[in-house]
Amino acid sequence: MRRSTVLAVAAAAVSLVGLVGCNDDAAPAASASSSAPPSASVTGAGAPEAAPTAPPTATPTPAAVETPTSTPAPTVPATPTATAVATTAGGVIDPEKALALAERTPYAATQDFTTEGGPLSAVTKGRVNLNGPVRSGRLSESMSASGGDLVSGAADSGPTTVVTDDGTTYIKSGSSWRKSPLGDRIADYHGYAKALLDLGRSARQGMEDCEGTPCFHLSGTVDLERMKAVEPESYKILKGKGVTSFHLDQWIDAQGRTVRFDRKTELKGIPMRIHGTFRDFGPVERITAPA
């Protein structure tokens, strides 16, 4: 294979890192106070005054007056918390229940991903919001040649891609920022895990340790069409290169959050791999446009 062809294919593959690492959208999580329906307080102001029924000679009995302490407290709908887990009595994670829990709980995480393919590799680091109506975050990306020479970016020099809470993507060009037409800069890792579960029992590899965190390992070969809904831009690239499936390994914790991710494909005979970790989980963070 000519060097120019190898470089072209590798560049196309590495561009997937920018999509995978920058495909996050997070909408501000609604607070419990804003989502709780206001409860109606019972007061005597609007109630009709009862007519006395006792005979005229009887001493009227004072009507009971409700006090603020008798008003029931507003009921706040229960929401999943960071302490909720989906494990059996033996501590084994139930992946289906864990993913159902994560589906209702948007969260933020620190991402550290590497994309490898041919003579090029790329690193994507940052803080992302996942599982909300919009995946958002701030990411820094760099690309290197096989010899270690930096081709573009610097993963530790600050964000190069920002996806705001309204889904707008900004790419840093030199010292300025420009809007990107790509709308899915952060992948739906929750959707990837569900695609693995849909493969059946063969995808359930069981419990493993992820650097001190108990995780459930899912693994299998997934049809490329499943990627269309969770990462459209990467799907278009791979589809255009004739890829029909990919192998995926994914590790989720007891709260259904992805801890490790490892996806392997092959483009024109060149192995491509995107792998990395998520850590430092916390509540959704506000992401605004770069200054």
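Sort His217, His275 so that the residue with the fewest other Cβ atoms within 10 Å of its own Cβ comes first and the one with the most comes last. Please report the intermediate quantities before stating the final value.
Numbers: His217 20, His275 16.
By the 10 Å Cβ count, ascending, the order reads His275, His217.
Quick one: which of 102-109, 277-284 comes out on top by average Cβ neighbours within 10 Å, and what's the full order, highest first? Each step should come with its number before you reach the end.
Details: 102-109: 19.8, 277-284: 15.5.
The packing order, highest mean first, is 102-109, 277-284.
Here, each number is a calculation from the coordinates, and none is a lab measurement. The structure presented is a predicted model; accordingly, all values stated were derived computationally and were not measured. Cβ atoms come from the backbone with ideal geometry, glycine included; neighbour counts cover every protein chain shown.
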